[in-house]
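This is the structure I have questions about; it appears just below.
Read-outs: derived from the displayed coordinates by stated rules, not from any lab. Since the model is a prediction, treat every value here as computed from it, not as a measurement. Ideal geometry is used to build each Cβ from the backbone, glycine not excepted, and the neighbour counts take in all protein chains shown.
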Amino acid sequence: MFINFCMRQHPDFGGTYTAQVLFSRAINCYFIDLQISGFDSPSEANYTIKGSINPFLAYIKASSFSFFEFIPDEVKKQIKGIIIHGSFLAHFSYGLQLSKHLQVPLYLVPHGTADPYMFSYGKLKKLLWLNILGNYAARCSEKIIFTAKAELEKSVFSFSRSKGVICPLSVEIPHDLDDKTFNRKLVRQKLGFSETDKILLYFSKLDNGKRPLETIQAFIKVRPKGWKLLVIGYYTDANFYEQVKLYSNKDNVLVCPPVFGKEKWSYLAASDLFVLFSHKENFCFAAIESAAFGLPIYISKGVDTYTCFQSNTNLKMVFDIQSSIDIELALQSLSSLSDDELQKMGSHCRNVVSQNFTYDNFAKCLHSALEIV
């Protein structure tokens, strides 16, 4: 049994949630999360801690073993280790303290929170946390589990190079998708696109760190011949969403409400290329899911799994994005892409996923990191 401390165990947390579900599938897990303001959906964790999310207060509160009385005795007897998903909030302190009380190994899974970009905002508070708790936990940890080599190499945590292990997450296309899901013509008709239109798909959270506005503006400026931009994503900042929505139904751009579950795959099937030029993504399920589906991708080097998609051929899919000009240059290349090149890119993407991001590979790497025989 491994006790997992996380921010919130609910689909609202996107990729982090999906990764934690993979952990629960691969090993025997007991999840403990936090009650976080603004996320009122029922938690899927085994137990939710209510109250302050301040990591420093939490560290003091959890200094007494009696704080963890809520954990069932039968669980405590089986504990082989403590796994902390993410950083900065109270759950990190709880996991660190419990590992000390029980004298069991501690494992950190940063999920991108050790990326330098995370310290470019809220800097003072995060640097205090890093120097008081973060690096101390890294020193106490048995292993620090990263999902990609690039994530490990950028990590600001101490001991990342000596204790870091790479455990790529996995992606699977659902087996119960029906023929209607794959009907490009129906989806395109619903969206108002023709069969000859080339669709560039932005399918991710509408968040400033993922550069959706810059992508839309560059697309409008470049006007790649024969292409239309479809923007789909959920949001937590209503003001930012309104800025994005202003571009809908103008200059070959369409902004649609978020979709989930099986419906998501129908939009992948109807598109011709996935785009995401994020500042930072530690694994990026959206890009890997698109690639698994055989959809070509255009991604930035901010996506930590980018190294897997770099090709020795002339099929360029990875771009070094530092400014809006870099986005414009990347999108200009769409005009010269032939159907044959798109097909080859899609095949390459599918092969990359089958070679690197299978569940069996994930489970094997995780078992090795946690020393499960």
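Quick one: which of 123/143; 221/245; 125/245; 225/264 span more than 22 angstrom between C-alpha atoms? Walk me through the numbers on the way to the answer.
Working: 123/143 26 Å; 221/245 17 Å; 125/245 33 Å; 225/264 26 Å.
In this structure, 123/143; 125/245; 225/264 exceed 22 Å between Cα atoms.
Here's something else I'd like to know. Subtracting the Cα-Cα distance from 0.36 nm times the residue separation, let me have the gained length for residue 139 to residue 28 in nm, one decimal. Numbers along the way, then the final one.
Numbers: separation 111, 0.36 × 111 = 39.96 nm, distance 2.53 nm.
Working it through step by step, the gained length comes to 37.4 nm.
While we're here: Please give the length that would be gained between residue 190 and residue 371 if that part of the chain were fully extended, namely 0.36 nm times their separation in residues minus their C-alpha to C-alpha distance (nm, one decimal). Can you show the working numbers first?
Details: separation 181, 0.36 × 181 = 65.16 nm, distance 5.04 nm.
The residue 190-residue 371 span can extend by a further 60.1 nm.
Tell me, what is the FRET efficiency for residue 177 and residue 336 to the nearest 0.05, using R0 = 41 angstrom and their Cβ-Cβ distance as r?
Details: r = 32 Å, r/R0 = 0.79.
Result of the calculation: an efficiency of 0.80.
For the charge dipole of the chain, defined by +1 on Lys and Arg C-beta atoms and -1 on Asp and Glu C-beta atoms about the Cα centroid, which residue among 68, 220, 248 has the Cα displaced farthest towards the positive pole?
Towards the positive end, the residue furthest out is 68.
Mind checking which aspartates and glutamates have their C-alpha under 17 Å from residue 163, skipping anything on the same chain fewer than 8 residues away?
115, 142, 151, 153, 371
Measure off 7 Å from each Cα along the Cα-to-Cβ vector at residue 76 and residue 360, then give the distance between these two points in nanometres to one decimal.
Simple spin-label model gives 4.1 nm for this pair.
Still on this model: Of the DSSP beta bridges with both residues in the chain, give the percent that are antiparallel, rounding to the nearest 5. Walk me through the numbers on the way to the answer.
Details: 1 of 39 bridges.
Just about 5 percent of them are antiparallel.
Further question on the same structure: Any idea how far apart residue 54 and residue 310 come out in nm if each label point goes 7 Å out from Cα toward Cβ?
Simple spin-label model gives 4.5 nm for this pair.
If you count the DSSP beta bridges with both ends in the stretch 143-270, what percent of them are antiparallel, to the nearest 5? Kindly include the intermediate steps, with their values, before the conclusion.
Details: 1 of 14 bridges.
Roughly 5 percent of the DSSP beta bridges within the stretch 143-270 come out antiparallel.
Still on this structure, I have one more. Can you bin the stretch 161-300 into rounded, prolate or oblate? Criterion: square roots of the alpha carbon gyration tensor eigenvalues sorted a ≥ b ≥ c, rounded for a/c under 1.5, prolate for a/b above b/c, oblate for the rest. Walk me through the numbers before you get to the answer.
On the way: a/c = 1.76, a/b = 1.17, b/c = 1.50.
Because a/c hits 1.5 or more and a/b fails to exceed b/c, the stretch 161-300 counts as oblate.
Quick one: 136, 306, 59, 202, fewest Cβ neighbours within 10 Å first, how do they rank?
On the way: 136 14, 306 21, 59 18, 202 25.
The order, fewest Cβ neighbours first, is 136, 59, 306, 202.
Any cysteines in the chain with zero other Cys Cβ atoms under 4.7 Å from their Cβ? List them, or say none.
If one checks each Cβ against the other cysteines of the chain, 6, 29, 140, 256, 284, 308, 349 turn up with nothing under 4.7 Å.
Give me 128, 337, 229 sorted ascending by neighbouring Cβ count inside 10 Å, so fewest comes first. Before the final figure, lay out the partial values.
Working: 128 13, 337 19, 229 23.
Ordered by Cβ neighbours within 10 Å, fewest first: 128, 337, 229.
Okay, moving on. Roughly what would the spin-label model give for residue 344 and residue 41, points 7 Å off Cα along C-beta, in nm?
Placing both labels 7 Å beyond Cα along the Cβ direction yields 4.1 nm.
Output the antiparallel fraction of DSSP beta bridges having both residues in the stretch 179-356, as a percent to the nearest 5.
Around 5 percent antiparallel, to the nearest 5.
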